[in-house]
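Structure first, then comments.
The values are calculated or read from the model by the stated rules, or taken from the named source; none is laboratory data. Keep in mind the model is a prediction, meaning the values are calculated, not measured. Cβ placement follows ideal geometry from the backbone for every residue including glycine, while neighbour counts extend to all protein chains displayed. Just so you know, the surface numbers come from the protein's heavy atoms only, side chains and all, with ligands and any DNA or RNA stripped out. Shrake-Rupley method; radii C 1.70, N 1.55, O 1.52, S 1.80 Å.
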Amino acid sequence: MKRAIMCFIGAMMVFSLAACTPTTEKNKTGEVKQTEAAQAPTSKQGPGVVTDKNPDMDAPQLEVVSIYAPAEDGNKLNVKMESVETLDAQSLVDLLIQYKVLEDGTKAVSYKTEGSVASEEVGPGIAKPQPGMPTEAPAQQDEYGTLELSQFPSDAKDQVIQAVVNTFTENLNVQYLTITVGDKTIADKQGFSDK
């Protein structure tokens, strides 16, 4: 009798283990169906972001730039973020035209820089290497930039000039900018201003 009970309990344990073990379902063709967890796209970009595409390796690398433009009332400057494939003087001029800071057809005739300023002299927030820290070459900033344009609005107010200066000093990493049109100097060694 004991043996029959032990066999019965053993059989019940085998059936209960079999019932608790997950099984895969097969569809008509005999392929194993994926569970819902395996079908759900995964993302390492955070909650709510689902991407099932791989990044396009042929996509161009874009630079993010800040474009300054006078506000509607003309008393302050607004900043907009844009992306460009090539960060150069003409791409910045094109964006300034788009935001109606410069006139249509304006070209960057030339852009050159001279002098350099070590990053520790540029502004706050730049940490000097401490003992034990890896030493890297300090970031360099050119001190003076000279931008020659094909034309400049004749009725340009100070905010328009400052918008061009801010756009170039921030994006092309210079401390002061001189703007010329032919032999005429529009701005002479003007620096960034948030006013």
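Please tell me if Thr24 is open to solvent by less than 100 Å² (accessible area, probe 1.4 Å), touching a strand residue (DSSP E or B) at 6+ places or on another chain (Cβ under 7 Å) and either part of a loop (DSSP other than H, G, I, E, B) or modelled with pLDDT under 55 (or both). For Thr24, the condition - open to solvent by less than 100 Å² (accessible area, probe 1.4 Å), touching a strand residue (DSSP E or B) at 6+ places or on another chain (Cβ under 7 Å) and either part of a loop (DSSP other than H, G, I, E, B) or modelled with pLDDT under 55 (or both) - is met. If we scan the stretch 175-187, do we find a residue that is of a type outside the set (Val, Ile, Thr) and within 11 Å of Leu96 (Cβ to Cβ)? No, there is no match, as no residue in the stretch 175-187 is of a type outside the set (Val, Ile, Thr) and within 11 Å of Leu96 (Cβ to Cβ).
In the set (1) assigned to a strand (DSSP E or B); (2) surrounded by 15 or more Cβ atoms within 10 Å (Cβ to Cβ); (3) touching a helix residue (DSSP H, G or I) at 6+ places or on another chain (Cβ under 6 Å), Leu102 fails one condition alone, (1). Checked against the criterion of being outside any helix (DSSP H, G or I), at pLDDT 75 or above and closer than 14 Å to Phe168 by Cα, the candidates Ala69, Ala59 yield just one match: Ala69. Of all residues in the stretch 64-79, those satisfying the criterion of being open to solvent by 100 Å² or more (accessible area, probe 1.4 Å) and either at positive phi or touching a residue at least 12 places away in the same chain (Cβ under 8 Å) (or both) are Asn75, Lys76.
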